[in-house]
Amino acid sequence: MSQPDFAYVTYIETTAEKLWNALTDPELSKQYWWGTRVTSDWKVGSDFALVLNGKTTDAGKVLAFERPRRLSYTFQAVLSETVRAETPSCVSFVLEPNGTLVKLTLTHDGFAPGSLVLDGISKGWPAIMSSLKSMLEGGHALVIPLACLDIEGVG
């Protein structure tokens, strides 16, 4: 098996159910993702979107939904014509409970060489996952000005 283009592993002091809800509930995602709402009915084959201020920034299709263990969807950045031309990639979350912790493994792969989206998500996912962890463990998400991430054209 080949290595994913991007992988991020963190341990969060929470339950798998609470973490799952944070990954799939639009109101919870809005709290740690700086206003961005995840939207889907979460059925395999259904549409998935990230929506900020009423505008879709990224879209895809649900590939796997195994509550509260595994979530996967295709990912297509749609903010600009340049990134919209890239082929969709694949995001996967695996949750592994271990006592009072949940190991969260995020992989994002399927990028073409020189992908602008890969560059953007490599900056964005760590900030998003850190904010998620802070929200679940401490009750408040991180305040990170998105301009600090220097992400151009990627949601």
Quick one: in segment 7-24, which of the residues that are without any contact (Cβ under 8 Å) to a residue 60 or more places away in the chain and over 12 Å from the mean Cα position of the chain (by Cα) is farthest from L142 (Cα to Cα)? E17
Residues of segment 56-81 satisfying the condition of being modelled with pLDDT under 95 and either touching a His at 6+ places or on another chain (Cβ under 8 Å) or of a type outside the set (S, T, N, Q) (or both): A77, V78, L79, E81
Residues of segment 41-78 satisfying the condition of being within 13 Å of the chain's Cα centre (by Cα) and polar (S, T, N, Q): T57, S72, T74, Q76
Scan segment 95-117 residue by residue and report those that are in a strand (DSSP E or B), modelled with pLDDT of 95 or more and surrounded by fewer than 17 Cβ atoms within 10 Å (Cβ to Cβ). E96, P97, L101, K103, T105, D109
Long-range neighbours under 7 Å by Cβ, at least six apart or interchain, first residue over 15 Å from V62 (Cβ atoms) within segment 29-45, second in a loop (DSSP other than H, G, I, E, B): Q31/A141; Y32/A141; G35/N53
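Here is a yes/no grid of residues against (1) surrounded by fewer than 18 Cβ atoms within 10 Å (Cβ to Cβ); (2) in contact (Cβ under 8 Å) with a residue 40 or more places away in the chain; (3) under 17 Å from W125 (Cβ atoms):
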| position | (1), (2), (3) |
| --- | --- |
| G60 | no, no, yes |
| A64 | yes, no, no |
| R67 | yes, yes, no |
| Y73 | no, no, yes |
| Q76 | no, no, yes |
| T87 | yes, no, no |
Give V51, V78 a once-over and let me know the one that is farther than 27 Å from T15 by Cα, touching a Ser or Thr at 6+ places or on another chain (Cβ under 8 Å) and not basic (K, R). V78
Only one of these is on the phi < 0 side of the Ramachandran plot and in contact with a Leu (Cβ under 6 Å, 6 or more places away or on another chain): D58, D25, D41, D47. Name it. D58
In segment 3-58, which residue that is among the acidic types (D, E) and within 30 Å of A112 (Cβ to Cβ) is surrounded by the fewest Cβ atoms within 10 Å (Cβ to Cβ)? D41
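The values are calculated or read from the model by the stated rules, or taken from the named source; none is laboratory data. All values derive from a computational prediction rather than experimental measurement. Quick reminder, even Gly has a Cβ in these numbers, built from the backbone with ideal geometry, and neighbours come from all protein chains shown.
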